[in-house]
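Just below is one structure, and these are the notes that go with it.
A short reminder: the numbers here are calculations on the coordinates, not readings from a lab. Just so we're clear, the structure is a prediction, and the values are computed from it rather than from any experiment. Neighbour counts run over all protein chains shown; Cβ positions are idealised from the backbone, glycine included.
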Amino acid sequence: MSRQRALDLVICVLALPVLLLVGAGIAVAVCLDSPGPVLFRSPRIGRGGRPFAMLKFRTMRHGVPGPPLSTAEDERYTPLGRWLARHRLDELPQIVNVLRGDMRLVGPRPEVADFVADHPEAYARIHTVLPGLTGPAQLAYAGEGELLAAVPDRVAAYRESILPAKIEIDLAYVERSSLRGDLGVLCRTVVLPVSRLRRWALLAGAAQPRAAPATRAVLAVSILALALTGTFAVEALAG
């Protein structure tokens with residue numbers, strides 16, 4: 001077992017009680033929000049070019065057809081689903097993919113088969129590693145839905161502009177990935193949606209602005225402590 005895989009498992013086990021509690025609440029809310037299954041299984045291409053089902057909480061109305069890419073203003077979203085997607089909480093079930101070994105916590109974001117087929121040479125290199133729940137490209141394009149909402153043809157814009165840029169970032173990650181870099185990506189991934197949640201709360205009048213920096217700092221330190229604990233456990237096991 002590699003150190004990166006061991007780190008993923010340690011962090012998942014440490015975070016599992018909180019993830020189960022939050023996930024159960026979201027699952028109930030999805031059931032109440034609209035009819036249909038709680039989970040959505042998105043076909044993706046993983047390591048070695050093998051397809052797998054990437055799990056998400058369902059964010060769209062069941063059975064409504066549409067393009068493979070969603071935007072911030074996509075009419076297929078349910079009221080709750082739009083909020084979950086905006087704050088990336090629909091991605092939480094991918095912890096199951098991590099535990100199964102389909103994915104890692106950090107790595108290149110898995111793509112659908114049609115987009116992979118457009119860049120076979122690049123993805124042959126990217127698929128030498130496990131895809132990730134989050135990664136540098138995911139952080140760089142955290143506002144992808146808003147970008148696509150501003151163009152008339154979202155699929156063409158993604159193929160011609162966003163996807164090539166993501167591929168370059170993913171190739172750089174494959175060449176230079178490290179435990180320290182992965183820890184940085186994890187911390188940034190958690191702080192980013194919390195910052196968004198905080199802004200939403202401020203707009204709703206639910207909190208005072210002076211509390212935001214302290215909240216983010218406490219959360220960042222907590223996540224860093226969790227990640228470091230996992231790192232120390234991996235180093236101890238490896239030693």
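Please list, in order along the stretch 5-15, the HN-Hα scalar couplings obtained from phi with the Karplus expression 6.51 cos²θ - 1.76 cosθ + 1.60 (θ = phi - 60°), rounded to whole Hz, x for Gly and Pro.
Residue by residue, the stretch 5-15 yields 5, 4, 4, 4, 5, 5, 5, 4, 5, 5, 8 Hz.
What does the charge count near LEU39 come to, summing +1 for each Lys or Arg and -1 for each Asp or Glu among other residues with Cβ under 9 Å from its Cβ?
+3
Report, by chain and number, residues whose modeled amide H sits under 5 Å from the one on LEU39, excluding near sequence neighbours (fewer than 5 apart, same chain).
Result for LEU39 returns ARG58.
Quick one: net charge around ALA165, please, counting Lys, Arg +1 and Asp, Glu -1 for every other residue with C-beta under 15 Å from its C-beta.
Local net charge: -3.
Take the Cβ-Cβ distance between HIS119 and ALA27 as r, set R0 to 30 Å, and report the resulting FRET efficiency rounded to the nearest 0.05.
That gives a FRET efficiency of 0.25.
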